[in-house]
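No value in this document is a laboratory result; all are computed from the given coordinates. Predicted model, so just to flag it, every value in this text is computed and none were measured. Note that each Cβ is placed from the backbone with ideal geometry, even for glycine, and that neighbours are counted across all protein chains shown.
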Amino acid sequence: MSALVTTPNLPDPDGFYAELLATHKGLTEAESHALNAQLVMILANHLGDREVLSEALALARQGMGEAQVSG
Amino acid sequence: MPYDYRPFAYVAAPGLSAPEPRHKVVIVGAGPIGLAMALELANHGIPSTVLDDNNVVSVGSRAICWSKRSLEIMDRLGVGERARDKGVTWKIGRTFHRDAEVFNFDLLPEDGHKMPAFVNLQQYYVEEYLVEAAQANPLVDVRFLNKVTGLRQADDHAMVEIETPDGTYGLEAEYLIACDGAKSPLRGMMGLEFEGELFEEKFLICDLSFKADFPTERRFWFEPTFHAGQTALLHKQADDTFRIDLQLGWDADVEEEKKPENVRPRIAQFLGHDDFEIEWLSIYTFQCRRMERFVHDRVIFVGDSAHIVSPFGARGGNGGLQDVDALGWRLAAVLDGRAPAALLRDYDAERIHAADENILNSTRATRFMTPDDGVERLFRDQVLALAAKAPFARGWVNSGRLSVPCVYPLEDAADAAGLPAASRPGAVAPDAPQGNGWLMTALGGRMVVLGVGCTPPEVDGAACVTAEVNDHVRARYLGDAAQAVYLIRPDQVVAARWTDADAGAVSAAIARVWRTA
Ligand SMILES: Cc1cc2nc3c(=O)[nH]c(=O)nc-3n(C[C@H](O)[C@H](O)[C@H](O)COP(=O)(O)OP(=O)(O)OC[C@H]3O[C@@H](n4cnc5c(N)ncnc54)[C@H](O)[C@@H]3O)c2cc1C
């Protein structure tokens, strides 16, 4: 059984999407990468569930490149 | 004040004139691990001969941080208090990014232990104390300028060829212990592999001495202005000596970096003055590797010969001393015929488990400190940036997770629910005050049945100790339980525990430890 929620769960996704883009506004590409990296870590800590995180990482990686290596 | 390297006396070995009778144990290498091994075996009544190709202690700057567990082991070998008293006790570590402090940690906020969490002491002092203890011990014969050049194994013994200033001779031993360091010539002679990862990064290591006050704490910098883009680590050692490790990057021009005119200004910048002496300078690259197995019939690998790690986390020498701890009592029992040779497999399994844990931790720390360009560096830098604004990220900053003994996976060991995690089976029994002394001392190096809040059942093959119950003992051994019985191995690792134990259960657990069941 999957613990990661992959069905709609966030109220107002359009609003969040707009806020996400707005947060990046005016940043260089490198700064945007930095912001995203921080965001991932902030959310991971807030979530606090290693299993859910592993599933999220796997989902994000799905269909990209070859099989990932863990560790 | 530079250390005075006095050569140890060379004495012509008896084997040069007439063949020596077969030895029980020959140890190759008189580094910290070989010497500790000989003393530990002597504690269990086993004589040994230690061969070393050299005749001085470790030259230059190598290990400096000795863990609480190492000090406890050294205490059993008779040098723990000396090392603690000469060493610099530190508890605070500070981590900086650029020039601002990101966070700090206190190593062992818990009191009620004989030994501190860590002391810093130059490796040459530790070796000097161990050599003195070994030379004073009638069961240990240390032979300097005795270089092993050949090795053969038979069914029930191993043979080495030895080169000395007076010619060559041979020795036979029931067991040969290879403590011959990271480059282990013995490993090479046996054609055994040493698998793992080499970090290309180069580090410059420098001992400096100065009189001015500087706090007794570990300092770690990511990208300091005095050493742009790299890392730096500072530790205080004995004799007003400091050690600084400067990361150089893999493409650094080593000869150029080593020049005093390049090193001095960096050091002066963070010290705030130029009034210091450089006592030692060298360049290192680090590797994380281990042998596939440490026990090869009559040849057993211990310490750096079996596994090496990068020094961030101080897991090399400390890990080696725990190997000694895991092997001594077992090998003594096998040699005395009290246990089957299969017992040595437990040394192999437990220390491979520990080596993997040490390698994992050291590899992760090294990755964090020397990230590859691209996404590795991106995340590393953003952890540091985040650490300045969110407390959780401080724990993500990895400048080395300092050596703690691993908890062995003793799956079939008896355990009672509700007892504290600190003293679970597989863990080193936590120390605690006992009257004017310490629990560690009361346990010693033998099999013990420890009664906490009760008189332990009497059984064959173990000493009974009744603990004095105080707050520390309650917190570490009882939790909410009214009483408990602990079976503690000669290496002071908890083998099993019960809230209610009868002699039969304890005896069965003892037999399992010795593999005589
Ligand atoms: C820069 C640096 C920093 C470190 N910091 C720490 C730290 O803070 N804490 C920590 O715990 N560890 C640290 N270490 C690791 C630590 O120094 C080693 O783990 C430790 O020295 C291993 O001891 P050993 O006895 O196994 O090997 P060694 O100390 O290498 O001893 C091997 C001995 O074998 C002898 N020998 C070799 N070949 C032969 C032969 N053919 N015949 C006879 N004798 C032979 C050698 O002369 C030597 O005396 C550090 C290492 C380095 C390089």
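Amide H contacts for B:V142 (H built 1.01 Å from N in the peptide plane; partners 5 or more residues away or on another chain; cut-off under 5 Å): B:V50. The label point for B:D480 and the one for B:E458, both projected 7 Å from the Cα toward the Cβ, are 3.6 nm apart. In chain B, the calculated helix contribution to ellipticity at 222 nm averages -8500 deg cm²/dmol per residue, counting -39,500 (n - 2.57) for every DSSP H run with n ≥ 4.
The lysines within cross-link reach of B:K389, meaning a Cα-to-Cα straight distance under 28 Å and a gap of 8 or more places when in the same chain, are A:K25, B:K91.
Adding -39500 (n - 2.57) for every DSSP H run of four residues or longer, then dividing by how many residues chain A holds, sets the calculated 222 nm ellipticity at -19500 deg cm²/dmol. Across peptide A:40-47, the average count of Cβ atoms from other chains found within 10 Å of a residue's Cβ is 3.
For segment B:24-39, putting each phi into the Karplus relation 6.51 cos²θ - 1.76 cosθ + 1.60 with θ = phi - 60° gives couplings of 5, 9, 10, 10, 9, x, 10, x, x, 6, x, 5, 4, 4, 4, 5 Hz, in residue order, rounded to whole numbers and with x for Gly and Pro. Taking segment B:298-335 and a reference point 7 angstrom along Cα→Cβ of B:Y284, the backbone N atoms nearer than 15 Å belong to B:304-305, B:307-320. Near B:F220: Cβ cut-off under 11 Å, other residues only, Lys/Arg at +1 and Asp/Glu at -1. The net charge is 0. Whole-Hz Karplus values for segment B:297-308 come out as 6, 8, 10, 10, 9, 9, x, 4, 5, 8, 7, 9 Hz, taken residue by residue from phi with 6.51 cos²θ - 1.76 cosθ + 1.60 and θ = phi - 60°; glycine and proline positions read x. Spin-label pair B:A388-A:Y17: with each label point 7 Å from Cα along the Cα-Cβ axis, the two points sit 3.5 nm from one another. Seen from B:A9, the other residues with C-beta closer than 15 Å to its C-beta sum to a net charge of -3, counting Lys and Arg as +1 and Asp and Glu as -1. Spin-label model, B:T89/A:R50: points 7 Å from Cα along the beta carbon direction are separated by 3.4 nm. Say a paramagnetic label sat at a point 7 Å from the Cα of B:K211, along Cα to Cβ; which residues of segment B:269-290 have their backbone N under 15 Å from it? What the label zone holds, given the 15 Å backbone N cut-off, is B:274-277.
Using θ = phi - 60° in the Karplus curve 6.51 cos²θ - 1.76 cosθ + 1.60, the 3J(HN,Hα) couplings for segment A:34-49 round to 4, 4, 4, 4, 4, 4, 4, 6, 4, 5, 4, 5, 5, 5, x, 10 Hz; x is entered for Gly and Pro.
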